[in-house]
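The structure appears below as structure tokens.
The values are calculated or read from the model by the stated rules, or taken from the named source; none is laboratory data. Remember, predicted model here, so these are calculated numbers, not experimental data. Cβ: placed from backbone, ideal geometry, glycine included. Neighbour counts: every protein chain shown. These area figures cover heavy atoms from the full protein model, side chains too; ligands, DNA and RNA do not enter into them. Shrake-Rupley method; radii C 1.70, N 1.55, O 1.52, S 1.80 Å.
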Amino acid sequence: MSNRPSVVYSNVWEDPELNRGSLLVKPGDHVLSITSGGCNSLCLLLENPERVVSIDLNPAQLAMLEFKRAAIIELDHEDFLTALGTPFHGQPLPPAATRVALYRKIRRHLPAYAQEFWDAHQPLIEQGIFLCGKVEAFFALYRRILNWLYDATSLEQFFRQPDLAAQKAYYKAFRKKRWRFLNSLLLNRFVLSLVKGAHSFAQVEDPDLSQNLNRKIDRAMTTFYNPDNYFVALMLLGGHFSRRAMSPYLLAENFPILKQNIGRLEIFLGTVGDCLKKWGPRSFDKFNLSNIFEWMDHEVFNGVIREVLALSRPGARMCWRYTLARPRQLDAENTRRLVAEPDLAARLFAQDRSFIYESFHVYHLAS
Ligand SMILES: C[S@@+](CC[C@H](N)C(=O)[O-])C[C@H]1O[C@@H](n2cnc3c(N)ncnc32)[C@H](O)[C@@H]1O
């Protein structure tokens with residue numbers, strides 16, 4: 001098996017509204033953000049901070065964000081969407097040659113490692129990099145089987161209901177037996193470990209992941225109106241349902257701000273601890289920590305939190321999530337230095353359109 005880095009997430013499957021509503025980024029802020037597919041680091045750039053440092057341990061994830069950054073620098077909005085292979089339900093992608101030509105145009109903005117990565121992965125550009133990660137490939141398989149178990153029209157009806165009440169009724173009446181069966185086959189520890197790596201489940205205690213995800217799917221289908229929920233559209237249809245329902249960094253109206261602020265994005269290979277070595281204490285105001293604590297034990301979690309605290313300026317705010325694991329507990333020293341905001345966290349979590357998460361956490365530095 002090859003140890004060469006590969007893209008696990010070409011998209012961030014985390015609702016950027018939760019980061020926006022919890023971090024409250026303001027002009028002058030220095031933001032540290034976990035990269036994954038890069039989407040949420042770009043969304044934070046829309047809040048006009050002084051700087052966003054986007055970090056990841058996996059160079060392929062950084063190459064992904066470098067591609068998006070280069071396309072933002074070089075292209076207009078339409079070509080930006082085209083270069084990524086942004087999928088829209090019911091519309092074929094433009095020809096592969098168009099994406100390759102756009103890659104040639106943006107390539108000069110990429111650092112050497114990202115040029116090497118994308119030169120070596122041209123077939124991904126030909127297919128469209130938007131859904132090129134392992135997680136997205138897993139969703140594609142899931143979608144293919146679901147379309148085989150049901151007919152495409154009845155699945156599309158989840159997006160054709162006039163309002164949420166009708167969608168809820170349609171979902172309640174939908175024959176879900178085969179869907180549940182598919183979940184038990186694919187949404188289990190063995191298969192998901194192959195997709196995301198076994199480390200992702202080291203701290204997960206729930207013995208029945210498919211039941212857990214069944215509950216979350218039920219909630220999404222009965223709480224959020226699908227035509228507005230791009231997470232469900234990408235998972236079930238493989239494309240956006242409309243040009244309005246996309247991650248904020250993809251929206252036409254936000255593109256001028258993104259272009260204006262793209263020079264404030266720094267892409268960095270390393271951990272929170274590496275940031276502390278590079279930028280020194282008290283260098284960040286806001287932290288989007290994704291769900292990096294998912295697979296850490298109590299000690300490692302508290303060690304990373306100490307690094308976050310060392311990096312924090314007065315008033316610093318931070319958020320993180322868990323997909324399936326139970327939250328790690330802050331030790332006594334970290335508890336003294338952080339103030340939890342459970343009401344805000346709960347309010348935002350109730351609006352989480354990405355729906356697969358177990359919990360959301362918001363803190364600020366104690367004064
Ligand atoms: C935490 S994972 C989860 C992905 C996310 N839930 C999503 O939907 O996109 C996101 C990224 O964090 C990176 N990562 C994990 N632990 C990290 C750490 N300690 N420091 C920096 N990056 C980390 C992984 O390489 C991965 O690309």
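Exactly one of these conditions fails for residue 90: (1) more than 17 Å from residue 288 (Cβ to Cβ); (2) within 16 Å of the ligand (Cβ to nearest atom); (3) small (Gly, Ala, Ser); (4) touching a residue at least 60 places away in the same chain (Cβ under 8 Å). Give me its number.
Here residue 90 meets the rest and fails (2).
Would you pick out the residues in the range 177-190 that are open to solvent by 60 Å² or more (accessible area, probe 1.4 Å), more than 21 Å from residue 359 (Cβ to Cβ) and not hydrophobic (A, V, I, L, M, F, W, C)?
Matches in the range 177-190: 177, 178, 180.
Looking at 103, 113, can you tell me which residue is touching a residue at least 40 places away in the same chain (Cβ under 8 Å), hydroxyl-bearing (Ser, Thr, Tyr) and out of contact with any strand residue (DSSP E or B) (no Cβ under 6 Å at 6 or more places or on another chain)?
Result: 113 is the single residue among 103, 113 that is touching a residue at least 40 places away in the same chain (Cβ under 8 Å), hydroxyl-bearing (Ser, Thr, Tyr) and out of contact with any strand residue (DSSP E or B) (no Cβ under 6 Å at 6 or more places or on another chain).
Just for helices (runs of 4 or more DSSP H) wholly inside the range 29-139: which have at least 3 residues that are surrounded by 19 or more Cβ atoms within 10 Å (Cβ to Cβ) and not aromatic (Phe, Trp, Tyr)?
Correct list: 39-45, 59-74, 77-84, 96-106.
Determine which single condition residue 325 fails, assuming it passes every other condition in (1) open to solvent by 10 Å² or more (accessible area, probe 1.4 Å); (2) under 26 Å from residue 229 (Cβ atoms); (3) out of contact with any Cys (no Cβ under 7 Å at 6 or more places or on another chain).
The one condition residue 325 does not meet is (1).
What residue, among those in the range 265-296 that are acidic (Asp, Glu) and within 9 Å of the ligand (Cβ to nearest atom), is nearest to the chain's Cα centre (by Cα)?
294
With the condition kept exactly as written, say whether any residue in the range 333-351 is more than 16 Å from the ligand (Cβ to nearest atom), touching a residue at least 40 places away in the same chain (Cβ under 8 Å) and not in a helix (DSSP H, G or I).
yes
For residue 174, all conditions in the list (1) hydrophobic (A, V, I, L, M, F, W, C); (2) crowded, with 16+ Cβ neighbours inside 10 Å; (3) within 22 Å of residue 223 (Cβ to Cβ) hold save one; what is the number of the exception?
With respect to (1) hydrophobic (A, V, I, L, M, F, W, C); (2) crowded, with 16+ Cβ neighbours inside 10 Å; (3) within 22 Å of residue 223 (Cβ to Cβ), residue 174 is out only on (2).
Which residue out of 210, 200, 193 is within 22 Å of residue 321 (Cα to Cα) and open to solvent by less than 10 Å² (accessible area, probe 1.4 Å)?
Within the list 210, 200, 193, the selection yields 200.
Being open to solvent by 20 Å² or more (accessible area, probe 1.4 Å), within 19 Å of residue 335 (Cβ to Cβ) and not in a helix (DSSP H, G or I) is true for just one of 317, 282, 313. Which residue is that?
317
May I ask you to say which residue of 193, 154 is part of a helix (DSSP H, G or I) and under 21 Å from the mean Cα position of the chain (by Cα)?
193
List, please: which pairs have Cβ atoms under 6 Å, are six or more places apart or on different chains, and start with a residue in the range 9-27 that is on the phi < 0 side of the Ramachandran plot and open to solvent by 20 Å² or more (accessible area, probe 1.4 Å) and end with one that is small (Gly, Ala, Ser) and within 11 Å of the ligand (Cβ to nearest atom)?
Going by the 6 Å Cβ cut-off, the qualifying pairs are 9/36; 9/37; 9/133.
Being away from the ligand (no atom under 15 Å from the Cβ), at pLDDT below 85, under 19 Å from residue 178 (Cα atoms) and over 20 Å from the mean Cα position of the chain (by Cα) narrows it down to one of 208, 218, so name that one.
One residue alone meets the criteria, 208.
Do you know which of the residues in the range 236-253 that are assigned to a helix (DSSP H, G or I) and under 13 Å from the mean Cα position of the chain (by Cα) is nearest to residue 38 (Cα to Cα)?
Residue satisfying both the conditions and the ranking: 249.
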